[in-house]
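Novice: This is the structure I have questions about; it appears just below.
The values are calculated or read from the model by the stated rules, or taken from the named source; none is laboratory data. As the structure is a prediction and not an experimental result, all values here were calculated from the model. Cβ coordinates were reconstructed from backbone atoms using ideal geometry, including for glycine residues, and neighbour counts include every protein chain displayed.
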Amino acid sequence: MADRKEWEPKIVAFCCNWCSYGGADTAGMGRFQQPASVRVVRVMCSGRIDPLHVFNAFLEGADAVLVTGCHLGDCHYVNGNYKTEVRYQFLEELMIEMGLEPERLHLSWISASEGEKFASFVNKVTTEVKKLGPSPLKPEGVN
Amino acid sequence: MNVNVGDKLLGYATDPGIRNRGASGGLVTAVLAAALERELVEDVIVLKHINEYEAVPIITDDVDEVLASTGSMHTVPVNLAKHATGKKVAMPGKPCDVRGVIEQAKRNEIDIENTYIIGLNCGGTMHPVLTKEMLINMYELDPEDVVGEKIDKGKLFFKTQDGEEKGISIDDLEEAGYGRRESCRYCDVKIPVNADIACGNWGVVGELAGKATFCEVMNEKGVRLLENAIESGYIQVEQAGEKEIAIREKVNSAMLGLVDKWTEKIFTDIPLQERMKYYMEQFADCIDCGACKEACPACTCKEESKCTMYHNLADDYKMSMYHMVRLLHLSDSCVGCGQCSDVCPVDIPVTTIFRRFADPAQKKHNYKAGMTLERPPFLEVMLK
């Protein structure tokens, strides 16, 4: 139990260049407290996030993956995030069928001005994942 | 005689040689030969007979070779879809071959306008090796003695050299672990309505039984194919009666009735806690031969593909990245043909695992892979 308390989950957040990456930036500028568990991967559009990127993150040792992008209708590339939505829904079902807890995958639309939303989202997921413990797909030797 | 889209016809080859050699009147062979002879197509894909349990797909422009082809064989579960890429061909095909062709066409690998597909009704195919085993254990026949097989009224018959015929009901065979391949048992497309013409012996009764083929014209290309064969004098057709159409429907619904039973039996629910372990154990056997990728009729990637490029044994992941990428990439286009399970040297039930993921996803989008060109793959292209 002693180890468990010190264990900090590793969370990979895919952020789109135009909205949610800006949101993460705003969260920092606004000095919102957030845990150091998140690793941000910037992509040009959330539509670029292939389900395989998400799965690769899990296999590399991520405990949770966040898929974030512009609000529906606000996509810089017109309809990229609608494609993200379809793929995300498929991934969600796949996680359950695979036996991976669905709480380990989250989708959120965050605009560049919503720093607080980004921070609270990260906080919420971190607490959830801490309760779940390390992912069963984590390779040996990775914390 | 004029042929129209939607026509349901009974037809047979006019040449007595072709008619007697073919399984049901030699209509399909004759249509293929006519298409080749009158240059509707450049090549024809047919199966070349090796023995009772083996045949290889060949692409030929020789009419004689088409006429010498094997006709339908239940023990040759090949998929012809990938053989049709980049050519002007006519080909016969089970529903899963046709679905493969359409998936290839969606990815611009096949020019569908120049590919003529003659669909064949299919209740299922069998493994050649398992069939031989079945002949010894269930039929008590020497596999070398067998000269013919047929399926009639739910029974599978084998004929030996001395003219002896023995039949056992397919249900009994399947209970004993033989019979149709697993993917055929839960396949829910028995009549290839996605082909240009849908042929088969279902619905041929009375004096024509075994001597004619029931065929439904599905589209304009089907009209061209049939009219070409009629004009060149290769085949003769007549309108099918209501009785024949009703019987065909009855056979089809009887076949589909079995699907639900098998779906339930094969896709047993794995408890939530054990799922991860189950998939890890299944994929752990993989020896990275890549045969499932080569055999897949929906896959159009060449040498450089996501599934192999993201896969590196040195990563030592808990689950094979190769299989995960294939699963994520093909869930929207898996036709459930069973080729991947067939070719797997370590017997991973790849098809069954793929269907566990692909079925709910495709159902949710009301999408059936390989049925129509109008629906692009939903994970790749946004649906309106």
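Novice: Anything in the range B:262-302 that is under 23 Å from B:R99 (Cα atoms) and among the charged types (D, E, K, R)? List them, or say none. So that I can check it myself, show each step before the final result.
Specialist: Applying the first criterion (under 23 Å from B:R99 (Cα atoms)) to the range B:262-302 yields B:262-263, B:266-267, B:290-302.
The answer is B:K293, B:E294, B:K302.
Novice: Given B:K8, B:K87, which one is at pLDDT 90 or above and farther than 20 Å from B:K150 by Cβ?
Specialist: Numbers: B:K87 fails: at pLDDT 90 or above.
Criteria check complete, one pass: B:K8.
Novice: Further question on the same structure: Report yes if B:T60 is over 20 Å from B:M218 (Cα atoms), in contact (Cβ under 8 Å) with a residue 60 or more places away in the chain, of a type in the set (V, I, T) and surrounded by fewer than 20 Cβ atoms within 10 Å (Cβ to Cβ), otherwise no.
Specialist: no
Novice: Would you mention how many residues in the range A:73-99 are over 22 Å from B:D359 (Cβ atoms), within 12 Å of another protein chain (Cβ to nearest Cβ) and either in contact with a Pro (Cβ under 9 Å, 6 or more places away or on another chain) or not in a helix (DSSP H, G or I) (or both)?
Specialist: 4
Novice: Restricting attention to helices (runs of 4 or more DSSP H) lying wholly within the range B:216-306, give those where 3 or more residues are more than 25 Å from B:V193 (Cβ to Cβ) and either in contact with a Gly (Cβ under 8 Å, 6 or more places away or on another chain) or within 14 Å of another protein chain (Cβ to nearest Cβ) (or both).
Specialist: On the way: elements: B:220-231, B:242-266, B:272-284, B:291-295.
Here the list reads B:272-284.
Novice: Please work out if B:D152 is surrounded by fewer than 17 Cβ atoms within 10 Å (Cβ to Cβ) and more than 28 Å from B:V381 (Cα to Cα). Don't jump to the end; show me each part of the working.
Specialist: On the way: surrounded by fewer than 17 Cβ atoms within 10 Å (Cβ to Cβ): yes; more than 28 Å from B:V381 (Cα to Cα): yes.
Taking the combined requirement at face value, the residue satisfies it.
Novice: Take residues that are within 16 Å of A:V54 (Cα to Cα) and either within 12 Å of another protein chain (Cβ to nearest Cβ) or out of contact with any His (no Cβ under 8 Å at 6 or more places or on another chain) (or both) and tell me which of the helices (runs of 4 or more DSSP H) falling wholly in the range B:314-374 contain 3 or more.
Specialist: Where helices (runs of 4 or more DSSP H) fall fully within the range B:314-374 and carry at least 3 residues being within 16 Å of A:V54 (Cα to Cα) and either within 12 Å of another protein chain (Cβ to nearest Cβ) or out of contact with any His (no Cβ under 8 Å at 6 or more places or on another chain) (or both), they are B:321-330.
Novice: Now for a different question. For the range A:106-132, what are the residues that are in contact with a Phe, Trp or Tyr (Cβ under 8 Å, 6 or more places away or on another chain) and either within 14 Å of another protein chain (Cβ to nearest Cβ) or on the phi > 0 side of the Ramachandran plot (or both)?
Specialist: none
Novice: Yes or no: A:F90 in contact with an Asp or Glu (Cβ under 7 Å, 6 or more places away or on another chain) and either surrounded by 19 or more Cβ atoms within 10 Å (Cβ to Cβ) or not polar (S, T, N, Q) (or both)? Before the answer, list the steps.
Specialist: Numbers: in contact with an Asp or Glu (Cβ under 7 Å, 6 or more places away or on another chain): no; either surrounded by 19 or more Cβ atoms within 10 Å (Cβ to Cβ) or not polar (S, T, N, Q) (or both): yes.
Here the answer is no, as A:F90 does not meet what is asked.
Novice: Checking the conditions here, which among A:C70, A:C45 is more than 11 Å from every other protein chain (Cβ to nearest Cβ) and under 27 Å from B:L327 (Cβ atoms)? Before you say what the answer is, go through the steps one by one.
Specialist: Values: A:C70 fails: under 27 Å from B:L327 (Cβ atoms).
Only one candidate qualifies: A:C45.
Novice: Since B:T14 meets every condition but one in (1) in contact with an Asp or Glu (Cβ under 9 Å, 6 or more places away or on another chain); (2) at negative phi, which condition does it not meet?
Specialist: Among (1) in contact with an Asp or Glu (Cβ under 9 Å, 6 or more places away or on another chain); (2) at negative phi, the lone unmet condition for B:T14 is (1).
Novice: Just one of the numbered conditions (1) surrounded by fewer than 22 Cβ atoms within 10 Å (Cβ to Cβ); (2) β-branched (V, I, T); (3) within 19 Å of the chain's Cα centre (by Cα) is not true of B:V217; which one?
Specialist: Only one criterion is unmet by B:V217, namely (1).
Novice: A follow-up question, please. Filter the helices (runs of 4 or more DSSP H) completely within the range B:95-201 down to those with at least 3 residues that are under 20 Å from B:G370 (Cβ atoms) and at pLDDT 90 or above.
Specialist: Result: B:95-106, B:182-185.
Novice: Anything in the range A:23-72 that is surrounded by fewer than 19 Cβ atoms within 10 Å (Cβ to Cβ), in a loop (DSSP other than H, G, I, E, B) and of a type in the set (A, V, I, L, M)? List them, or say none.
Specialist: Across the range A:23-72, the qualifying residues are A:A36, A:M44, A:L72.
Novice: Quick check on A:E140: is it within 14 Å of another protein chain (Cβ to nearest Cβ), in contact with a Lys or Arg (Cβ under 9 Å, 6 or more places away or on another chain) and either closer than 22 Å to A:L72 by Cβ or part of a helix (DSSP H, G or I) (or both)?
Specialist: Numbers: within 14 Å of another protein chain (Cβ to nearest Cβ): yes; in contact with a Lys or Arg (Cβ under 9 Å, 6 or more places away or on another chain): yes; either closer than 22 Å to A:L72 by Cβ or part of a helix (DSSP H, G or I) (or both): no.
So A:E140 does not fit the description; no.
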